[in-house]
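The values are calculated or read from the model by the stated rules, or taken from the named source; none is laboratory data. Not measured: the values here are computed from a predicted model. Positions of Cβ are generated from backbone atoms using ideal geometry, with glycine treated the same way; all protein chains shown enter the neighbour counts. We work out accessible area using only protein heavy atoms, side chains counted, and drop any ligands, DNA or RNA first. Shrake-Rupley method; radii C 1.70, N 1.55, O 1.52, S 1.80 Å.
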Amino acid sequence: MSFATRAPAAPAVPAAVPSVDVVVPVHNEQAILPDSIRRLHEYLSAELPLDWRIVIADNASTDETLRIAMALAADLKGVELIALTEKGRGRALRAAWERSDAEVVCYMDADLSTDLRALAPLLAPLLSGHSDVAIGTRLAPGSRVVRGAKRELISRGYNRLLHAALGARFSDAQCGFKAVRTEAARRLLPGVRDEGWFFDTELLVLAQREGMRIHEVPVDWVDDPDSRVDLLRTALDDLRGIARLLSEARLIRFLCVGLASTVAYALLFLALRGALGAEGANALALAVTAVANTQANRRLTFRISGRRDLLRQHAMGAFVYALTLGLTTGALAVLHGLDPGASRVLELTVLVVAGVGATVTRYMALRSWVFARRGERASLQPVV
C-alpha cells in the first residue's frame, strides 16, 4: 500500500495518545467534507468526554477533497489526514486502523447519516472491555431510519442473505458506523481480504467466527439523497464476497475433505474386496483414509501446521475411526443377514450411507476435542 502524504495535525486538544480514533474515509467528497468534519469536531469537543482524534482517510480522490482535508487538518486541533494513492474504503480503513495507537478505532461515513448521539453508546462497551466490536444497526428495534423503499429492501435482503448463507448473527452489516477495540482489529485485519465496500461484512463475519463479542446499537439514520454508490456493482461485489467467505467456512472445508475421503475409501474398498472380503476391505480402507482425513482436516479445515499436538490429534482421530468402523461393520452385518449374496455395489452403498451418518459425529468430535486444545492462536503456524 502506498501513501501520497500524511498531513501533520495541529496540536491535539486531548492527550497525545487518544482513547479513540474516529476515522472518516473519503473519496471525492469535496461538497460535504468541510461541513461534516467541522460538525463532527464540534460535537466531539462538546459532547464526548474522551481523548479523541479525527482521522480523514482519503482514498485517491480526484477532486478537491485532498486539498480541503489538508486545510481542515491544519486548521482544526485533533484532526489528521492520511492520503492513499489507491481507491477503496476498506483500504482506507485498514491504513488508518493499522497505524492507530488509540484504544478503540471507529469510523463513520462522511455524510454523517448516523446521528452522532449514538457514538458514546457505540464506544462504551469497547472501552469497558465488555465487547470487541460494536456496530450501529438500522434494522433493530429502536432504530429510526429515513430512506427510500428501494434501499430499505436491498438492505434487508442483503442481511437476510448473510444470515442464511453465512450464519451471521448481527443484524446490519452495512451501516457506516462501527467501532473495534484496536487489539481486536489487529487480530482481524490480516484475515480481511476485501479493500472495498465488502470490508465491513468480512470483518464482522471473521469476528463472529473468532468468537468475539459484537455489540449492537440502534441508531437514527437519514439516507443521503446524493449518495453516489453504484448499487449494482456493489451488490455484485458483495455476492462474490459472500461466495468467497462461504467457500472458506470451516464446515465447507470439512465437507470437501470428507467428499475426497469418501471417494478414496470407495476405490480402496473395491480394490481390496476380493482379497480381504467385505469386513477386511472395509477395515483397511477406513484405516488408510482415516489417517489421511485427520491430517487433511488438521491442515485444511482447522488450519494447523507444524508438529504441535500431532500425536494427540492422530490418536483421537484413531478413536473416531474405531467408532466409524463399529458403525460400518454393524451395517455390513445387518446387510449380510438380510441378503447373504449382496453385491459389492450394494455393500459399498450401505457402507457409504453408514459413513455419511458418522460424518456428523466425526465433525463434532474433531471440532470439540480432537482439535479443541490448539492453544493460543499466536503459538500456531498458519498454513501457507
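Listed by first and then second residue, the pairs with beta-carbon distance under 7 Å, at least 6 apart or on different chains, first residue in region 123-140 and of a type outside the set (Gly, Ala, Ser), second part of a helix (DSSP H, G or I) and open to solvent by 40 Å² or more (accessible area, probe 1.4 Å), are Leu139/Arg156. Just one of (1) surrounded by 16 or more Cβ atoms within 10 Å (Cβ to Cβ); (2) modelled with pLDDT under 85 fails for Thr361. It is (1).
Considering region 314-353, the residues that are among the charged types (D, E, K, R) and assigned to a helix (DSSP H, G or I) include one that is nearest to Thr294 (Cα to Cα), namely Glu347. The criterion of being closer than 30 Å to Leu246 by Cα and open to solvent by 60 Å² or more (accessible area, probe 1.4 Å) does not hold for Val334. Just one of the listed residues (Ala184, Ala165, Ala149) is of a type in the set (A, V, I, L, M) and open to solvent by 80 Å² or more (accessible area, probe 1.4 Å), and it is Ala149.
Considering region 114-142, the residues that are more than 24 Å from the chain's Cα centre (by Cα) and modelled with pLDDT under 95 include one that is nearest to Val55 (Cα to Cα), namely Gly142.
Restricting attention to region 32-53, which residues are within 19 Å of Gly88 (Cα to Cα) and touching a helix residue (DSSP H, G or I) at 6+ places or on another chain (Cβ under 9 Å)?
Leu33
Go through region 2-49 and give me each residue that's modelled with pLDDT under 95, in contact with a strand residue (DSSP E or B) (Cβ under 7 Å, 6 or more places away or on another chain) and in a loop (DSSP other than H, G, I, E, B). Within region 2-49, Ala9, Pro11, Ala12, Val13, Pro14, Pro18 qualify. With the requirement that a residue be over 25 Å from Ala124 (Cβ atoms), touching a helix residue (DSSP H, G or I) at 6+ places or on another chain (Cβ under 6 Å) and small (Gly, Ala, Ser), what does region 54-90 give you? Within region 54-90, Ala83, Gly90 meet the criteria. Helices (runs of 4 or more DSSP H) fully within region 120-229 that include at least 2 residues being farther than 21 Å from Val23 by Cβ: 149-166, 199-209. The residues of region 50-65 that are open to solvent by 30 Å² or more (accessible area, probe 1.4 Å) and farther than 20 Å from Ser100 by Cβ, listed by number, are Thr62, Asp63, Glu64.
Just wondering, is there one or more residues in region 297-305 that are in contact with a Gly (Cβ under 7 Å, 6 or more places away or on another chain) and assigned to a helix (DSSP H, G or I)? No; the residues of region 297-305 include none that is in contact with a Gly (Cβ under 7 Å, 6 or more places away or on another chain) and assigned to a helix (DSSP H, G or I).
Arg91 falls short on exactly one of the conditions (1) of a type outside the set (Val, Ile, Thr); (2) more than 19 Å from Ala184 (Cβ to Cβ); (3) open to solvent by less than 30 Å² (accessible area, probe 1.4 Å), and that condition is (3).
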